[in-house]
Amino acid sequence: MLELNNITLSYGSNPILKGVDLSVKRGDVVSIIGPSGTGKTTLLRCINYLAKPSAGTIQLDQIRMDYQSPDKAAIQAIRLRTAMVFQQFNVFKNMTVLENVMDPLIVIQRKTKQQARDIAVQELERVGLGAKLDHYPSQLSGGQLQRTGIARALAVRPDVMLFDEPTSSLDPELVGEVLKVIKDVASSGITSLLVTHEMQFAKSISNRIVFMDQGVVAAQGSPTEMFDNPTLPRLAQFLSSERAF
């Protein structure tokens, strides 16, 4: 379904991604783990061209693009079939919860206000925010803000969900409510890529774990292979350090 080949990206003289290959099948739930600064978020952002690689190709079903000669039509087509949940929520402060979720449906998908409202209400109820439709972001907790972001992503009916460390900005007591929603999304069959430092959660929801280190995919495999029987010393070291906290 989704193929990334030789994804290469640098910021100035600092290489971030060094020829990354990644293959994702329809319905996969892939968690990308690894130390901070190894290119996990950057790789996720390359998929919808929020980060711009200098080399490599992407293919999403029949849509193919070479990053050395990016094509606007292909970028738009990929963006229409993917949705991203950001670390920092990225909600509009001057819009209600309902309006935030309706916005991409009206602006991007050209749906009528009534169509957008019906879909938005459905997705907000799905993430447990049916009673918060008319609230503004300033009236919500961090967990509720992130659930708003997830509802907005789900509302566009994406083929692929991209979660970029969705709990990293939350207080510890709010993490659980967001992880529950993500687990529900993953179990619904939507192809999902998740960058996370929540190791136990990644193990519980993923059918594949990808370990990135120093800008490359250093190892990948099933949760059992990666967490219970790591053969790569660097992966074992990383997991040991995560368990120490």
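Among the residues of the range 133-144, is any under 19 Å from Thr82 (Cα atoms) and either among the β-branched types (Val, Ile, Thr) or outside any helix (DSSP H, G or I) (or both)? Step through it out loud before you land on a result.
First, pick out the residues of the range 133-144 that are under 19 Å from Thr82 (Cα atoms): none.
No, because not a single residue in the range 133-144 is under 19 Å from Thr82 (Cα atoms) and either among the β-branched types (Val, Ile, Thr) or outside any helix (DSSP H, G or I) (or both).
Scanning the range 28-54 for residues being on the phi > 0 side of the Ramachandran plot and in contact with a strand residue (DSSP E or B) (Cβ under 6 Å, 6 or more places away or on another chain) gives a total of 2. Here the range 104-117 is the region considered, the condition is being surrounded by 14 or more Cβ atoms within 10 Å (Cβ to Cβ) and not β-branched (Val, Ile, Thr), and the residue that is farthest from Gln76 (Cα to Cα) is Arg117. Would you be able to say whether some residue in the range 138-147 is under 27 Å from Arg26 (Cα atoms) and out of contact with any Asp or Glu (no Cβ under 6 Å at 6 or more places or on another chain)? Yes, some residue in the range 138-147 is under 27 Å from Arg26 (Cα atoms) and out of contact with any Asp or Glu (no Cβ under 6 Å at 6 or more places or on another chain). Among the residues that make up the range 27-45, is at least one of them in contact (Cβ under 8 Å) with a residue 60 or more places away in the chain, surrounded by fewer than 15 Cβ atoms within 10 Å (Cβ to Cβ) and within 17 Å of the chain's Cα centre (by Cα)? Yes, the range 27-45 contains a residue that is in contact (Cβ under 8 Å) with a residue 60 or more places away in the chain, surrounded by fewer than 15 Cβ atoms within 10 Å (Cβ to Cβ) and within 17 Å of the chain's Cα centre (by Cα). Which residues, counting only those in the range 66-108, are under 19 Å from Leu162 (Cα atoms) and outside any helix (DSSP H, G or I)? Hits for the range 66-108 are Thr82, Ala83, Met84, Val85, Phe86, Gln87, Gln88, Phe89, Asn90, Val91, Ile108. Any chance the range 136-155 includes a residue that's at pLDDT 90 or above and over 25 Å from Asp118 (Cα atoms)? No: the range 136-155 contains no residue that is at pLDDT 90 or above and over 25 Å from Asp118 (Cα atoms). If you check Met95, Met102, Met84 for being touching a strand residue (DSSP E or B) at 6+ places or on another chain (Cβ under 6 Å) and under 28 Å from Ser168 (Cα atoms), only one passes: Met84.
With the requirement that a residue be over 16 Å from the mean Cα position of the chain (by Cα) and in contact (Cβ under 8 Å) with a residue 40 or more places away in the chain, what does the range 204-222 give you?
Step one: of the range 204-222, the residues over 16 Å from the mean Cα position of the chain (by Cα) are 204, 213-222.
Passing the criteria: Asp213, Gln214, Gly215, Val216, Val217, Ala218.
The set of residues from the range 149-165 being out of contact with any His (no Cβ under 9 Å at 6 or more places or on another chain) and not hydrophobic (A, V, I, L, M, F, W, C) comprises Gly149, Arg152, Arg157, Pro158, Asp159, Asp164.
The values are calculated or read from the model by the stated rules, or taken from the named source; none is laboratory data. The model shown is predicted, which means the values in this text are computed figures rather than measured ones. Counting neighbours? That spans all protein chains shown, and the Cβs are built from the backbone with ideal geometry, glycine included.
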